[in-house]
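Engineer: Below is one structure. I have some questions about it.
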Amino acid sequence: MNNGNRNRNRTRALAVAGSGALLATLMAAAPAPAAPAGAKPASVHGLGTVFYPYSPDDDIRFTVDATSAPWSRPLPAQGGEKGLPTDAFGKITVYHRDTATGYTAVSEAEVDCLVTGGRTATVTAVVKTSNVGWEGRRIGIAVQDGTRGEPDRVGFSWDIANLEVRPDGSVFEPSAGTCLAPAPFTEVTKGGYKVTPAPLAPRPKP
């Protein structure tokens, strides 16, 4: 074989090898296939004690046990709509012990809405029992499941958020809308939460 043919064959072999290496690199960099939608329902579970800077000495805890149940709360007034993709069930407990007075406020609420996005979940629930007069009020809790050493975080729809002003200038806290809560603004100092995300469920067939 002359030198010209040998050089051409060598160039061709290097090109093929280079293409194979590039293909292998692209395959390695490609994302893994997404898990099938609906493999697991969206959920958030856990108990966390938070540090609230406006009551730094108080013991404030949130227990969240919520699981999505799409289209499970019919809305008869909406033309027979079967509910919302964010329908959910479960329970939220809010525990707040005022260190200065020793008084402990406890409210338990029934979950009605849950939506997730990555490591964050927003849950709302209607209060069923309370020793501070919250019965019938919807509250919202936002939870961020910390990773890589980051703390979990919680946001809640009262005290510094969800305020309304009456015509006379007085301020009150209305019920939160379904699945509405502020960003998780407090850090969890003890305990924590597990958020299992899931995409919104498709609309059911008529």
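So that you can scan it fast, the table gives a plain yes or no per residue for (1) within 14 Å of the chain's Cα centre (by Cα); (2) of a type in the set (S, T, N, Q); (3) surrounded by fewer than 19 Cβ atoms within 10 Å (Cβ to Cβ):
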| residue | (1), (2), (3) |
| --- | --- |
| LEU114 | yes, no, no |
| THR120 | yes, yes, yes |
| VAL126 | no, no, no |
| GLY149 | no, no, yes |
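Engineer: Hey, can you tell me all the residues within region 173-206 that are over 21 Å from GLY90 (Cβ atoms) and open to solvent by 80 Å² or more (accessible area, probe 1.4 Å)?
Structural biologist: Scanning region 173-206 gives GLU187, THR189, LYS190, PRO202, ARG203, LYS205, PRO206.
Engineer: Sticking with this one: Among residues belonging to region 128-147 that are open to solvent by less than 80 Å² (accessible area, probe 1.4 Å) and among the basic types (Lys, Arg), point out the one that is farthest from PRO197 (Cα to Cα).
Structural biologist: ARG137
Engineer: Still on this structure: Being within 15 Å of the chain's Cα centre (by Cα), under 18 Å from GLY191 (Cα atoms) and open to solvent by 20 Å² or more (accessible area, probe 1.4 Å) is the requirement here; does ARG153 meet it?
Structural biologist: Taking the combined requirement at face value, the residue satisfies it.
Engineer: Which pairs have Cβ atoms under 8 Å, sit 6 or more apart or on different chains, and link a residue in region 128-144 that is closer than 15 Å to ASP159 by Cβ and outside any strand (DSSP E or B) to one that is open to solvent by 40 Å² or more (accessible area, probe 1.4 Å) and among the small types (Gly, Ala, Ser)?
Structural biologist: Correct list of pairs: ARG137/SER175.
Engineer: Go through (1) over 21 Å from ARG138 (Cα atoms); (2) at pLDDT 95 or above; (3) open to solvent by 50 Å² or more (accessible area, probe 1.4 Å); (4) in contact with a strand residue (DSSP E or B) (Cβ under 9 Å, 6 or more places away or on another chain) for TYR95 and report which single condition fails.
Structural biologist: Of the numbered conditions (1) over 21 Å from ARG138 (Cα atoms); (2) at pLDDT 95 or above; (3) open to solvent by 50 Å² or more (accessible area, probe 1.4 Å); (4) in contact with a strand residue (DSSP E or B) (Cβ under 9 Å, 6 or more places away or on another chain), the odd one out for TYR95 is (1).
The values are calculated or read from the model by the stated rules, or taken from the named source; none is laboratory data. Just so it is clear, the structure is predicted and the values come from calculations on it, not from any experiment. Glycine gets a Cβ as well: all are built from the backbone with ideal geometry, and neighbour counts include every protein chain shown. When the accessible area is computed, the model is the full protein with side chains, heavy atoms only, and any ligands, DNA or RNA have been set aside. Shrake-Rupley method; radii C 1.70, N 1.55, O 1.52, S 1.80 Å.
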